[in-house]
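Note sheet for the following structure.
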Amino acid sequence: MPGKIKTAIDQILTLRSHDNAHLIAPLKIKLIMKGIDPDLWHESSPDDPVMLLRVQNAAKDMGVSLPS
């Protein structure tokens, strides 16, 4: 199912920012520094297993537990 990466990135941003819009930009920068550009992924992006693993590891590093 396409869009898993976009969904995971959105969950990281939502859970870490606690819906505070001022924290979204710094969180996106952290993801970019980890090799994940949130602006490149959308709902119809094909799922890349390597990138999905990278997003899951970034979530773990940031203290976010992603739902399965």
* May I ask you to compute the full-extension gain from VAL64 to THR7, defined as 0.36 nm times their residue separation minus their alpha-carbon distance, rounded to one decimal in nm? => 19.2 nm
* Structure fact -> Between the modelled labels at GLU43 and ALA25 (7 Å from Cα along Cα→Cβ) the distance in nm is 2.7
* Structure fact -> Options [x] 0.93; [y] 1.37; [z] 0.99 for Rg/Rh (Cα atoms, Kirkwood Rh); the value derived from the coordinates is listed as [x]
* Asked: Taking Cα pairs under 8 Å and at least six residues apart, what relative contact order does the chain come out at, in percent?
  -> 49
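Taking only DSSP H segments of four or more residues, each worth -39500 (n - 2.57), what value at 222 nm results for the chain once the sum is divided by all its residues, to the nearest 500 deg cm²/dmol?
Numbers: 3 runs with 37 residues, N = 68.
Here the helix-only value at 222 nm equals -17000 deg cm²/dmol.
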* Asked: Given +1 on the Cβ of Lys and Arg, -1 on the Cβ of Asp and Glu, and no further charges, what dipole in debye does segment 4-58 carry about its Cα centre, rounded to the nearest 20?
  -> 240
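Computed from the coordinates by the stated procedures, all read-outs in this text should not be read as laboratory data. Treat the numbers as computed from the prediction; the structure is a model and nothing was measured. When we count neighbours, we look across all protein chains shown, and the Cβ atoms used for this are built from the backbone with ideal geometry, even at glycine.
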